[in-house]
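Shown next, in structure tokens, is the structure this report addresses.
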Amino acid sequence: MHNSKAPTMRSLKYYLFFTLLLLILSSLIIPPYYGVPYLKSPGPLFDDSIDMTYQQHIVENVPSMVLLGDSTLEESIDESYLTELLGQETFRIGQPGSASAIWYLVLKNNIATSSVKPKHLVIFSRASMLTTPEYRTTGKYEETIVNIALPEDTLVIERAYLSQMNWLEKKLDRSLPLYGYRAWVRKSIENLFKYRIPKQIWGVRPKDVEDSLKAAFDNPEIVQLSDMITMAETYTHAPERLDFNAQLPKSFLPEIVRICQDNDIQLTLVYTQTIYEDQDLKTAELLAAYRSNLFQYAAENNIQVLDYLGDERVAESFFNDPVHMNGEGKHGFTEIFATDFAKFLP
């Protein structure tokens, strides 16, 4: 009688052997190839080289106000028009895909260390973004964080990364280079096929590759884009993340407040309007409680607040999708915001 188990067991043994061999070889090759230690602390590696572009702009232009947020800020505030309306120099940092970890690092390492500091810092957020420290910190966002973080920024490691890792992930991240440096390996492979091979074989410049990729993937259909945004917004509307008092001690918000106070920078929180529809009544109730607790915390810490969620002046026609404004909305909302913020000025 034919024994089918023998080939299967032999195949399994080969698979396990070559898997183990791959792990051993990668552990020997990866650290010296990238010039990194074999054993690493869990989480991304931060070094002393950081991007100081924002600080350079502040020093050169001396803005009275810095506005900080993600792409929704970029699409809702016209920087030059706002400067004209307020009669004060403004600087908009609308970093696409950014969230509280990136905002904290920009404040700590670019704004607060500047020889010239703004009088006002205005942070634009929605849902539970201000108290969800791990939101938008992995994948492509991790690269941005690495570029603006210093080795001393262990708080980011602790609150944005370690808090989300179990003991096995921490162990693997520390002692298995193929896992710990997976982002570096992935980027090297991507660069090989995206840039090096096309350049060597067809003479295609990296810029041409990027332009082609942007043309193909950066302009999804409006329905597809709305679905993607809704999925992302769902994360910050989860019940456990809408528990403000539970989330606050684990977030970057207390440190943002402290840094502003230590540097005599007036902090203003802008809770933005969206046309994102909550899934159910319970989520709406939790969001209302979250906002109430956030605004109470702001009042107790001398933080100014502008709340636009549900503001009838911010019309649905202002929006291209659930969170991003169109040209009409950008112009109109800049005027609304300037009128409201002017009340805070002397």
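The values are calculated or read from the model by the stated rules, or taken from the named source; none is laboratory data. Quick caveat: nothing in here was measured; it's all calculated off a predicted structure. Because the Cβ atoms are built from the backbone with ideal geometry, glycine has one as well, and the counts that use them run over all protein chains shown. For accessibility, only protein heavy atoms count, side chains too; no ligands or nucleic acids. Shrake-Rupley method; radii C 1.70, N 1.55, O 1.52, S 1.80 Å.
Here are the numbers for this structure:
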| quantity | calculated |
| --- | --- |
| Subset of region 331-344 (residues that are open to solvent by 30 Å² or more (accessible area, probe 1.4 Å) and either modelled with pLDDT under 95 or not basic (Lys, Arg) (or both)) | His331, Glu335, Thr339, Ala342, Phe344 |
| Filter result for Lys250 (over 22 Å from the mean Cα position of the chain (by Cα) and of a type in the set (Lys, Arg)) | no |
| Hits in region 176-198 (condition: open to solvent by 100 Å² or more (accessible area, probe 1.4 Å) and at pLDDT below 85) | Arg182, Arg186 |
| Filter pass, Leu45 being more than 20 Å from Ile259 (Cβ to Cβ) and not in a helix (DSSP H, G or I) | yes |
| Test: residue in region 18-40 that is open to solvent by 60 Å² or more (accessible area, probe 1.4 Å), touching a residue at least 40 places away in the same chain (Cβ under 8 Å), over 21 Å from Arg182 (Cα atoms) and among the aliphatic types (A, V, I, L, M) | no |
| The lone exception for Tyr276 - which of (1) in a loop (DSSP other than H, G, I, E, B); (2) over 20 Å from Glu316 (Cα atoms); (3) at pLDDT below 95 it fails | (2) |
| Selection status of Trp167, among the aromatic types (Phe, Trp, Tyr) and in contact with a Phe, Trp or Tyr (Cβ under 6 Å, 6 or more places away or on another chain) | no |
| Qualifying residue in region 156-165 (condition: at pLDDT below 90 and assigned to a helix (DSSP H, G or I)) | yes |
| Whichever residue in region 119-138 is under 11 Å from the mean Cα position of the chain (by Cα) and among the β-branched types (Val, Ile, Thr) and, among such residues, is nearest to Gly94 (Cα to Cα) | Thr137 |
| Residue identified as farther than 20 Å from Ser100 by Cα, surrounded by 14 or more Cβ atoms within 10 Å (Cβ to Cβ) and small (Gly, Ala, Ser) among Ala298, Ala315 | Ala315 |
| Boolean, Thr132 is buried (at least 23 other Cβ atoms within 10 Å of the Cβ) and not hydrophobic (A, V, I, L, M, F, W, C) | yes |
| Residue list for region 236-253, restricted to those being within 16 Å of Ser163 (Cα to Cα) and not in a helix (DSSP H, G or I) | Ser251, Phe252 |
| Every residue from region 68-118 that is among the hydrophobic types (A, V, I, L, M, F, W, C) and open to solvent by 10 Å² or more (accessible area, probe 1.4 Å) | Leu85, Leu86, Phe91, Ala112, Val116 |
| Ser115 among the small types (Gly, Ala, Ser) and at pLDDT 95 or above | yes |
| Residue, nearest to the chain's Cα centre (by Cα), within region 318-330, restricted to residues that are crowded, with 16+ Cβ neighbours inside 10 Å and closer than 15 Å to Tyr81 by Cα | Lys330 |
| Subset of region 140-175 [among the small types (Gly, Ala, Ser) and either surrounded by 15 or more Cβ atoms within 10 Å (Cβ to Cβ) or more than 24 Å from Glu240 (Cα to Cα) (or both)] | Ala149, Ala160, Ser175 |
| Residue in region 204-222 that is in contact (Cβ under 8 Å) with a residue 60 or more places away in the chain and of a type outside the set (S, T, N, Q) present | yes |
| Close pairs (8 angstrom Cβ cut-off, 6 or more residues apart or separate chains): on the phi > 0 side of the Ramachandran plot in region 77-106, part of a helix (DSSP H, G or I) anywhere | Gly97/Ser71; Gly97/Lys140; Gly97/Tyr141; Gly97/Thr144 |
| Qualifying residue in region 41-52 (condition: polar (S, T, N, Q) and either at pLDDT 95 or above or crowded, with 21+ Cβ neighbours inside 10 Å (or both)) | no |
